[in-house]
1. If one computes the Cα centroid of the range 44-61 and of the range 96-110, what distance in Å separates the two points?
2. Report the relative contact order of the range 42-117, percent, no decimals, based on alpha-carbon pairs under 8 angstrom and at least 6 residues apart.
3. Using only Cα atoms, find the angle between the long axis of helix 189-200 and the longest principal axis of the chain, and express it within 0 to 90 degrees, rounded to the nearest 10.
4. Of the cross-linked pairs 412/508; 424/610; 567/625; 508/766; 522/632; 145/341, which ones have a Cα-Cα span greater than 23 Å in the structure shown?
5. Over the chain, what relative contact order in percent results from Cα pairs under 8 Å that are six or more residues apart?
6. Using alpha carbons only, how many angstrom separate the centre of the range 149-165 from the centre of the range 212-253?
7. Residue separation times 0.36 nm, minus the C-alpha to C-alpha distance between residue 569 and residue 215: what's the value?
8. Could you name the lysines whose alpha carbon sits less than 16 Å from that of residue 418, not counting residues in the same chain fewer than 8 places away?
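Derivation of every value follows stated rules applied to the coordinates shown; laboratory data play no part. It should be emphasised that the depicted structure is a prediction, and the values quoted were computed from it without experimental measurement. Ideal geometry is used to build each Cβ from the backbone, glycine not excepted, and the neighbour counts take in all protein chains shown.
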Amino acid sequence: MSVALITRRAFGAFPHARSIFSGGRPGLVSGFRRFPQPIRRNIHSIEEVPATYDGEKVIIDEVNTKLSDGEKAAIRQMRNIGISAHIDSGKTTFTERVLFYTGRIEAIHEVRGRDSVGAKMDHMDLEREKGITIQSAATYCSWDKDNKAYHFNLIDTPGHIDFTIEVERALRVLDGAVLVVCAVSGVQSQTVTVDRQMRRYNVPRITFVNKMDRMGANPFRAIEQINSKLKTPAAAIQVPIGAESEFQGVVNIIDRQAVYFEGSQGENLRIVSEIPEDLVDLVEEKRQVLIETLADVDEEIADIYLEGEEPTVDQIKGAIRRATIGRKFTPVLMGSALANKGIQPVLDSVVDYLPQPNEVLNVGLDVSVPEVETPVALVPSSSQPFVGLAFKLEEGKYGQLTYIRVYQGKLKKGAYMKHLKSGKKVKLARLVRMHSKDMEDVEEVGAGEICATFGIDCSSGDTFVAATLDEQVAMSSMFVPEAVISLSIQPKSKDNGAFSKALNRFQKEDPTFRVKFDVESKETIISGMGELHLEIYVERMKREYGVECITGKPQVSYREAITSATKFDYAHKKQSGGAGQYGRVIGEFGPIEGENKFTHHIVGGKIPEKFLFACSKGFEDMLEKGPLIGHKVLGVHMHINDGQTHVVDSSELSFRTATKGAFKQAFLNANPVLLEPIMTTEVSAPNEFQGSVVGLLNKLGGMIVDTVNGPDEFTVVAECPLSDMFGFSTSLRACTQGKGEFSMEFCRYSQVMPNVQRDLIAEFEKKQQSK
Ligand SMILES: Nc1nc2c(ncn2[C@@H]2O[C@H](COP(=O)(O)OP(=O)(O)OP(=O)(O)O)[C@@H](O)[C@H]2O)c(=O)[nH]1
Ligand SMILES: [Mg+2]
């Protein structure tokens, strides 16, 4: 069995990434071994995690036999969904309408609106000032369809790539998503990123093409791009009535009904079976495209299609549901959130096409027996023992607020649960459901739901289980991307404790924000996903903790790597005077793809086991601070196959030191190189600025990989070295009269030019000497 098979919310192998393992035993994740299993009565062990939804479905059906009829009826009314997409595509604006139409808020307020109230889900002052979402916000609401009330847990996520961890953790715990795409810009670079994130956690999605009121809106171009760029079969289930400023509503092509959104806030739906005459042909054409696309991904429709018959409305809807949940298709709806048009059908589609919590497979790992790990299918039944994941933390006025997704069993106010990592039992003094920043107390939360609690101590990504559960079931955590930039930071005036308190808090809440103290330079270094990410924390430090800070220039996080293989034979000796030290390690050193690796194969006990453990620690020490310029090391494999021990003088410390020495020597022998982050940069601006934008990107060493010209705007995608991109927003503003927009995200590492490498090393050595 391969670990790579485990996908859904389980233990994936993510190259170049840190996966925080909730069981606190990272060593076991990759070294999966199978032994005869003790019989487990309280959990649903499975052989392996299937690679496809069809395989998952077999287990899901088994799991469902454990649910009572009452539970099945209740879970049918439940949906956990995320709203995710490229920056500024209108997620928060869309969510605001959802809250209004479901009666959760009494009036609609706009993101950066003139009434200065702001959208409900962007509740931080900084979000309202900047008009962007920084933190994801959770809420729940109830949507009535066919006289039944459906309960939605909903998370609005940020689009800016600097806050991408918020998308990761939301998608990690949600069952389905609404992908919002702009009708003018179509699939943008971050749409591709979000798509990748949805795939990582196997999240089915429906698509909403927003901003149909904008000039140049074309939903069918966007759909074509979903097919070609995201490689997800997609087809419209609506066509627009009117476009741009004349956009009035949509025709549902499945049942051939026209829907108009009337009333000052689009709250009155007028549904008529009369389709505007000029749209009749288009509806039929797109209906045919829908059926053909479905025939490719669904057997039932394929059979009907081959027979030359027309599927019924129910057959089409059934196929869309199966194919969407099976992650083979995405139905596309359209509208304008800002103009209050087209939102309600999306809510109906969430009910119709996105999965109930018992229609997706959620997997944990039973880690009760050391070195034996068995996947476990979690059963969304309240009668099962509780298993939940703390996916997000926030420091609030009542202490740590911990968001939990309940995968199995239920949580009750006043009851106890067990923190898997520490084994400690914790009391659930308060249980709440979140409505953006507001909380609503509840007595009990059932399987499949999302809730929050106070006063418990844990890290983001930790698993909690029922206090009575003997088995140790661990949920995997989310994918955590590596930081690409860092800067030094210090408080302007003497620190009274608030500075470190703030840094600790931010670090605990956000695994992509790292803090370290550089002993040599005596500086505190913060690192993160981009300039904006760090800027926001510096600003929050001032606003929330009253600490003004001085920051250094942003620095690129380089990586140190090797390009050839070599051998090492290194002895660490200190045998004059006092207690001696001796350790000798011999082996091979070479480059590998992806994660760094340490292995050993020692015969005849030349290096005892405990010293080998010390060697692995020495290896890890070196990875953090590479021999060239003290940046992280990437892609090395160190293998120790021989060595020597001294009866008296050898110790763990001497072998740790010997390994560090061997590492440094071998690294410098293996043609080392410095790697720099290359960023995919997407710029859009009015056509008249195309020349100056392309000129700017060229000047910054960018390689242009794609250019798309729209009627008014162009979009250019370039790969640029991060070191030249600091302050890009200012240069772009200057060359486009403030009309240009850009997004930037990490693409890959690439070798720096030899002269740059020489300069960076010289600069580093100079700094070392001056100390
Ligand atoms: N013309 C038009 N503008 C829209 C529409 N929906 C949203 N906008 C505008 O687009 C801008 C961004 O909207 P948001 O809702 O903040 O977008 P977002 O996707 O939540 O942005 P982030 O969370 O920062 O990624 C705002 O100025 C909105 O008023 C729409 O349907 N039509
Ligand atoms: Mg937003």
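1. 39
2. Numbers: 21 pairs, mean separation 10.3, N = 76.
Reported as a whole number, the value is 14 percent.
3. Once rounded, one gets 80 degrees.
4. On the way: 412/508 26 Å; 424/610 29 Å; 567/625 21 Å; 508/766 35 Å; 522/632 19 Å; 145/341 18 Å.
From 412/508; 424/610; 567/625; 508/766; 522/632; 145/341, over 23 Å: 412/508; 424/610; 508/766.
5. Values: 1727 pairs, mean separation 89.0, N = 771.
It rounds to 12 percent for the chain.
6. 23
7. Working: separation 354, 0.36 × 354 = 127.44 nm, distance 6.83 nm.
Result: 120.6 nm gained on full extension.
8. Straight-line reach from residue 418, under 16 Å: 410, 427.
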